[in-house]
Amino acid sequence: TLQWASPSSSSSSSRGGPASSALLFAGFSTGKVASYLLEHGRLTRVSAVSVGVGVKCLAYLKSTVDAERQCVLLVGCADGGLRLLPLRGVAQFDGGKPILWPGVHEKNAALTTLSVMPMNPVLGKCICASGAEDGSVSIF
């Protein structure tokens with residue numbers, strides 16, 4: 001599964017790139033998650049990590065408050081778990097263990113879609129909706 005994101009302007013300028021650069025996150029059935037930077041027509045791998053179980057969907061959350069706040073990638077997995085991967089900057093996985101919320105849906109059905117909307121950016125609060133392969137939807 002793939003998720004495009006827009007890097008912050010400070011990240012773009014620090015790498016010498018134009019404001020039109022883009023981030024791409026890719027999750028694979030092997031459990032690997034990778035981040036890439038598309039800049040000047042070239043796709044460059046930035047970082048990769050394994051979550052240990054097949055990836056079904058991704059959602060990227062960029063700090064809207066300031067460049068010092070951490071961005072995160074939410075990963076919906078085949079085992080029904082939702083994993084949070086903290087990022088250094090906007091695309092570098094921090095190397096720590098993913099934070100796991102097991103069984104987001106009642107029957108541990110695989111998560112197939114995620115959608116996140118900031119509710120209070122100053123406090124870092126958001127609302128998340130997930131869909132599972134059994135047809136259920138959870139909002140948290």
- Fluctuation leader among 56, 107, 32 - the chain, Gaussian network, Cα springs under 10 angstrom: 107
- How much of the accessible area of the chain, probe 1.4 Å, is carbon plus sulfur, in whole percent? 54 percent
- Item | 105, 40, reordered so the largest accessible area comes first (probe 1.4 Å) | 40, 105
- Item | Global geometry of the chain, whether rounded, prolate or oblate, following the gyration tensor of its Cα atoms and the 1.5 cut on a/c | prolate
- Message: Quick check for you: with a 1.4 Å probe and neighbouring chains kept, what is the accessible area per residue of segment 100-139, in Å²?
- Response: 66 Å²
- Message: Using only DSSP helix segments of four residues or longer, with each worth -39500 (n - 2.57), what per-residue ellipticity at 222 nm results for the chain after dividing by its residue count and rounding to 500?
- Response: -1000 deg cm²/dmol
- Task: Arrange the peptides 21-28, 93-100, 80-87, 45-52 so that the one whose residues have, on average, the most other Cβ atoms within 10 Å appears first.
- Result: 80-87, 21-28, 45-52, 93-100
- Item | residue 94-residue 30 pseudo-label distance in nm [points 7 Å out on the Cα-to-Cβ vector] | 2.6 nm
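The values are calculated or read from the model by the stated rules, or taken from the named source; none is laboratory data. Treat the numbers as computed from the prediction; the structure is a model and nothing was measured. Positions of Cβ are generated from backbone atoms using ideal geometry, with glycine treated the same way; all protein chains shown enter the neighbour counts. Ligands, DNA and RNA are stripped out before the accessible areas are found, and what is left, the full protein with its side chains, is counted by its heavy atoms. Shrake-Rupley method; radii C 1.70, N 1.55, O 1.52, S 1.80 Å.
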